[in-house]
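Input: a single structure, listed below in structure tokens.
No lab work stands behind these numbers, since they all come straight from the coordinates. Because the structure is predicted, anything quoted here is derived from the model rather than measured. Glycine also receives a Cβ, built like all others from the backbone with ideal geometry; neighbour counts cover every protein chain displayed.
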Amino acid sequence: MTGCNLNCNYCDTEYAKHDGENFSIDDVISKIAQYNCKLVEITGGEPLLQEDIFSLVDVLLKNGYNILVETNGSQSIENLPKKVIKIIDWKTPGSDVGNSFDINNLDFITKDDEIKFVVSNREDFLWCKDKIKQNNLTNICKVLMSTVNGKLDPAELCEWIIEENLDIKFQLQLHKYIWPNDEKGR
């Protein structure tokens, strides 16, 4: 989805802020139906800024798709159906938009949902560790950490996670390895 209300200093999908095309819900369903897959991830930009996002989600669910919605955490997830897996990016101070998270979203997440932290440096990591503990995150949802590509060595973050014995999942931004240098996949 095109458009974002935040301006993270490490944005890895700058094109999602402005390079978009308008599609009807029927167009989206037709395009998705071309693939032999029943899993759809809606991301962006910020998909929850889209006027018809909830209608799209409803149509996808009615057509038997499993849906993931990846959001920057600044918009309420309250109206997303429980069947939808929410992946919420809780922005760290190193993103320059660290105060954008809607804390009320914690009231609407489930064990199947995920909170993701993208870590720039040691200070971000320690901040994340505090947020995980203060909000009991590992007991209410899955927690993931990844690095800002090119800014923090993934091995270093893994060492910090191991040293602190955090019950979280490390994640690489695979699209940055598959399509490097701001290339876009399909």
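Annotations
- Neighbour-count order for M145, M1, fewest beta carbons within 10 angstrom listed first: M1, M145
- Fewest neighbouring Cβ atoms within 10 Å first, the residues S146, S76, S95, S24 line up as S24, S76, S146, S95.
- MRE, 222 nm, helices only [DSSP H, n ≥ 4, -39500 (n - 2.57), over the chain, to nearest 500]: -7500 deg cm²/dmol
- Alpha-carbon Debye profile of the range 126-186, log10 I(q)/I(0) at 0.16, 0.18, 0.23, 0.29 Å⁻¹: -0.60, -0.71, -0.96, -1.26
- Fewest neighbouring Cβ atoms within 10 Å first, the residues W127, W179, W90 line up as W179, W127, W90.
- Mean separation of Cα contacts under 8 Å (6+ apart) over length of the chain, as relative contact order %: 15
- Applying the Kirkwood pairwise sum to the alpha-carbon positions of the range 85-186 produces a hydrodynamic radius of 14.2 angstrom.
- Tensor-based shape of the range 78-145 (alpha-carbon gyration tensor, a/c under 1.5 rounded, otherwise prolate or oblate): prolate
- Across the alpha-carbon atoms of the chain, the computed radius of gyration and Dmax are 16.6, 49 angstrom.
- Per-selection Rg to Rh, the range 47-104 - Cα, Kirkwood hydrodynamic radius: 1.03
- Listed by chain and number, the aspartates and glutamates placed with their C-alpha closer than 19 angstrom to that of K83 are E41, D52, D58, E70, D107, D112, D113, E114; residues fewer than eight positions away on the same chain are left out.
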